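The values are calculated or read from the model by the stated rules, or taken from the named source; none is laboratory data. Bear in mind that the values here come from a model prediction, so they are computed numbers and not experimental data. Note that we place each Cβ from the backbone using ideal geometry, even for glycine, and neighbour counts take in every protein chain shown. What goes into the accessible areas is simple: the full protein's heavy atoms, side chains included, and nothing from ligands, DNA or RNA. Shrake-Rupley method; radii C 1.70, N 1.55, O 1.52, S 1.80 Å.
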Amino acid sequence: MGRKKKTAALDRENGVAPGLIAKTKKRLVVAGGRSHPELTAAVAAALGQEVAPVEHRTFASGEIYARFEVSIRGCDLFIVQSFGEPVNEWLMETLIMLDAAKRASAKRITVVAPYYPYSRQDKKGRGREPISARLVADMLKVAGADRVMSVDLHAAQIQGFFDGPVDHLFAKPVLLEHFEGTLTPDDRETLTIVSPDMGRVRVADTWSDSLGAPLAIIHKRRDPKVANQVSVHEIVGTVDGRTCLLVDDMIDTGGTIVKAAQALKANGARKVIVAATHAVFSDPASDRLQDSSIDQVVITDTIPLTESRRWEGLTILPIAPLLATAIRQVFEDGSVTSMFGGDA
């Protein structure tokens, strides 16, 4: 005996058209690319579910193939993909997964990109330069992304590159919890929050408020024609005899952070601790960050790190619980902003 179907009758007075009523339940599905499978699995586990199986291939010619091995029709799909090395391959894989998901009739597709690719190319510094961060946003949209979720964008203005919703998460609660539990009483008594450059002052200021510590700023200058080279000029604020907590959104080659730490020690800092969200760690970052001027480096696992790029003084904090909470809020039509006291 067939299931009885419910219908809506014609109701001209209330403007209701006749039709079939379907009781469709929402379904959250987590899938991932090949860039950081450990993070995808951790996010799914935090949500109490398994990762949806996806067939991935790279042909001899270098072309990438992706196919969802199970039906995702009508689901709320979250594709987790980190953008470490090789960034271009993972970006292309994400676009192909988006196209496959769109053609498989996923109802809504969210790209969970803890580290947003090309985020430093967010404006034109000189003539005839691209704005690659905007280009990436356009590609994700055209490929089928309805929503993007990322952690600590290099520039908040990147959110404006998308026509749809962007969930901008902050790793600060994760890092802050770690330091509140590990800083010694002497460290707390002499703590100074340090911004490695003028662009990070606003972020460092929020750290200063949260930890009740004074703020110092390092003024630096870059040569726009030479990549990854920095010269430190002066320190604004008192660091002599202080425990300095350097906060930044990412560490690439480590040049900025190391020179900042050396400047702090040269000006009498007692201890220098580095906190960053994204460990890009392009060579020779791992070697540089083991400099004697740095006492500890604390990062999150938004980008996968091989064993060769880890060392004893490096602490890696899991970002999966934060991502899982945000995903649940989006799926349940909750508030991501409430996770950060209204600042997201």
Every listed condition ((1) open to solvent by 10 Å² or more (accessible area, probe 1.4 Å); (2) assigned to a loop (DSSP other than H, G, I, E, B)) holds for residue 302 save (1)
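Residue by residue through the stretch 137-178, note down the ones that are outside any helix (DSSP H, G or I) and of a type in the set (A, V, I, L, M).
145, 148, 149, 151, 153, 155, 166, 169, 171
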Any strands (runs of 3 or more DSSP E) falling wholly within the stretch 185-268 and containing at least 2 residues that are at pLDDT 95 or above: 191-195, 215-222, 243-251
Could you list, in sequence order, the residues of the stretch 314-335 that are assigned to a loop (DSSP other than H, G, I, E, B) and either more than 24 Å from residue 279 (Cβ to Cβ) or free of Cβ contacts under 8 Å to residues at least 24 places away in the same chain (or both)? 332, 333, 334, 335
By residue number, the members of the stretch 119-133 that are in contact with a Lys or Arg (Cβ under 9 Å, 6 or more places away or on another chain) and open to solvent by 70 Å² or more (accessible area, probe 1.4 Å) are 121, 126, 130
Condition (residue is surrounded by fewer than 21 Cβ atoms within 10 Å (Cβ to Cβ), aromatic (Phe, Trp, Tyr), touching a strand residue (DSSP E or B) at 6+ places or on another chain (Cβ under 8 Å) and farther than 26 Å from residue 76 by Cα) applied to the stretch 175-197: is it met by at least one residue? yes
For the stretch 279-299, name all the residues that are open to solvent by less than 50 Å² (accessible area, probe 1.4 Å) and over 24 Å from residue 177 (Cβ atoms). 282, 285, 286, 291, 293
